[in-house]
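Report on the following structure.
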C-alpha cells in the first residue's frame, strides 16, 4: 500500500517534467527564431544605409575631387567664373547643317550658320573629360565617356552616350545619370523648367545650354530620345523635328526604380572658347 501511494505521487511529477521540457524547448526555438529575425533586420538596415547614404557620400566626394582635378588641369583662367566673351549660337537650318552658309532671316538677309568647333580627339572610354553644372538644382559633376555603371555612373559621374555629339557640336549631346544612390546627380532634374541653364565645361571651352522641353516618362527602350534630332518614338509629340545643337539628360523614373526614363532637353545658347 505504501509503495502504491509513493508511485501515484511520483506520476504527476514525471508528467509535469515532460511538459516543462517541451515548453522550454519551444521557448528556445522561438528565441532562436527571434534572434535570426533581428540579425537579418539589422543586416538589411545596414545594407539600406550603405546604399542610400554611404554610396551617396562616397560618390559625391569622389566626383567633387575629380571636378577639382579637371579645373586644375585646365587652369583657373578656364573656370566657369572666369571672364570672357560668349558667342551666341544661331539656330541651324537643314541647309546649314549640311554645309550651307545659313538661312535667311525675316528681312531676307542671310543669317550666319552656327559656329563649328574644331573636332576634338574622342575621349577614351570611362575618361572624365568635362564638368556639368546646373545652377537651379545645385549640380556640379564630372562627365565621363560611356554609361557603364561600375566605371562611370556608380562613381557619381554623369555618363556621355557613345556615338552622340560632343559639347558644342551639332546634333545631340546626350547624358545619363543616377537618380537615386551613388551620388544621385540627376535626382532633381524633374524640377528643371524652360529657360534654366545647363552649363558644360571642357578643356576647349564653356558651352551653355538652355532647357526647352521635358518628357516625364517614357520607355527604357525609347532610344530616339538621344537621336541627333531628339524626339520620343513612344510618346508622340515630344521632342524636336529639325537639326540643332541639343543636350539631353536622361535618368530613371519613378524614384528607386528603373522601369521608365525621365528626359530633359535643351538647346545650345552660347559657347565660350578658352
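FYI, it's all coordinate maths here, none of it is from the lab. Only a predicted model underlies this, so the values are computations on that prediction, with no experimental measurement involved. Heads up, the Cβs are rebuilt from the backbone with ideal geometry, glycines too, and the neighbour counts pull from every protein chain shown.
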Per the rule of 0.36 nm per residue minus the C-alpha distance, extending residue 24 to residue 257 adds in nm 79.3 nm
When all Cα-Cα pair distances of region 129-231 are considered, the percent exceeding 22 Å is 26 percent
Here FRET efficiency (C-beta to C-beta, residue 203 to residue 126, R₀ 22 Å, nearest 0.05) is 0.80
For region 174-232, the Debye formula with one identical point scatterer on each Cα and no solvent gives log10 I(q)/I(0) at q = 0.12, 0.20, 0.22, 0.29 Å⁻¹ as -0.36, -1.03, -1.20, -1.31
A chain fully extended from residue 191 to residue 71 at 0.36 nm per residue, minus the present Cα-Cα distance, gains in nm 40.5 nm
Rounded to whole Å, √(5λ) for the Cα gyration tensor eigenvalues of region 229-274, largest first, gives 25, 16, 6
